[in-house]
Amino acid sequence: MGAGIAKLIKKQFPEAYKADLLTVKGDESKLGSISFATVIRDNKDITIVNGYTQYHWRGSGVLVDYDAIRSVMREVKSDFSGKRIGYPKIGAGLAKGDWNIISRIIDQELDGEDHTLVEYSA
């Protein structure tokens, strides 16, 4: 959680970072899974999900794993169906993924859910 939106989330929601620390660092088998933390902000419960969608963070080419995004979104739907779901352009920034592909995967996996793209600027 040292770059991109993950760094911002780490700063604003340290509980999400603590949830990440409970997973094994560098474990490739985390691809496609999630960890999460529920926090209270302004008297509202907010759950922040860490979606593990890439293994390598250095190098050229696409670093995001599209199958991992599919698995993450499937798990989000399974665990949080009926809730409002917001997400960044996961995998389309530093991981160099194609947002057109990623957004189709998200739409397919979150079909029927109240989900919204949340854009931020660094």
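Residue check: ILE85 meets all listed conditions (1) under 24 Å from SER29 (Cα atoms); (2) without any contact (Cβ under 8 Å) to a residue 60 or more places away in the chain; (3) in contact with a Leu (Cβ under 9 Å, 6 or more places away or on another chain); (4) among the hydrophobic types (A, V, I, L, M, F, W, C) but one, namely (1).
Just one of the listed residues (ILE5, ILE34, ILE40) is of a type outside the set (Phe, Trp, Tyr), in contact (Cβ under 8 Å) with a residue 40 or more places away in the chain and out of contact with any Lys or Arg (no Cβ under 9 Å at 6 or more places or on another chain), and it is ILE34.
Just wondering, is there one or more residues in region 13-24 that are polar (S, T, N, Q) and farther than 20 Å from ARG74 by Cβ?
No: zero hits.
Out of region 34-78, which residues are over 11 Å from the mean Cα position of the chain (by Cα) and part of a loop (DSSP other than H, G, I, E, B)? Passing the criteria: ASP42, ASN43, TYR55, HIS56, TRP57, ARG58, GLY59, SER60, GLY61, VAL62, LEU63, ASP65.
Of everything listed in (1) in contact with a Gly (Cβ under 6 Å, 6 or more places away or on another chain); (2) at pLDDT below 95; (3) polar (S, T, N, Q), the single unmet condition for GLN54 is (1).
Under the condition of being closer than 23 Å to ILE102 by Cα and surrounded by fewer than 16 Cβ atoms within 10 Å (Cβ to Cβ), which residue from region 28-46 is modelled with the lowest pLDDT? Applying the filter and picking the extreme gives GLU28.
Give me the pairs: first residue in region 100-122 and over 24 Å from LYS7 (Cβ atoms) and free of Cβ contacts under 8 Å to residues at least 60 places away in the same chain, second residue among the small types (Gly, Ala, Ser) and not in a helix (DSSP H, G or I), beta-carbon distance under 7 Å, and six or more apart or on different chains, which are they? Every condition considered, the pairs that remain are GLU113/SER81. The conditions of being under 22 Å from LYS7 (Cα atoms), exposed (fewer than 14 other Cβ atoms within 10 Å of the Cβ) and not aliphatic (A, V, I, L, M) are met by TRP57. State which residue is nearest to THR47 (Cα to Cα) when the search covers only region 79-109 and only residues that are outside any loop (DSSP other than H, G, I, E, B) and among the aliphatic types (A, V, I, L, M). Among those residues, the one meeting the criterion is ILE85.
The values are calculated or read from the model by the stated rules, or taken from the named source; none is laboratory data. Just so we're clear, the structure is a prediction, and the values are computed from it rather than from any experiment. When we count neighbours, we look across all protein chains shown, and the Cβ atoms used for this are built from the backbone with ideal geometry, even at glycine.
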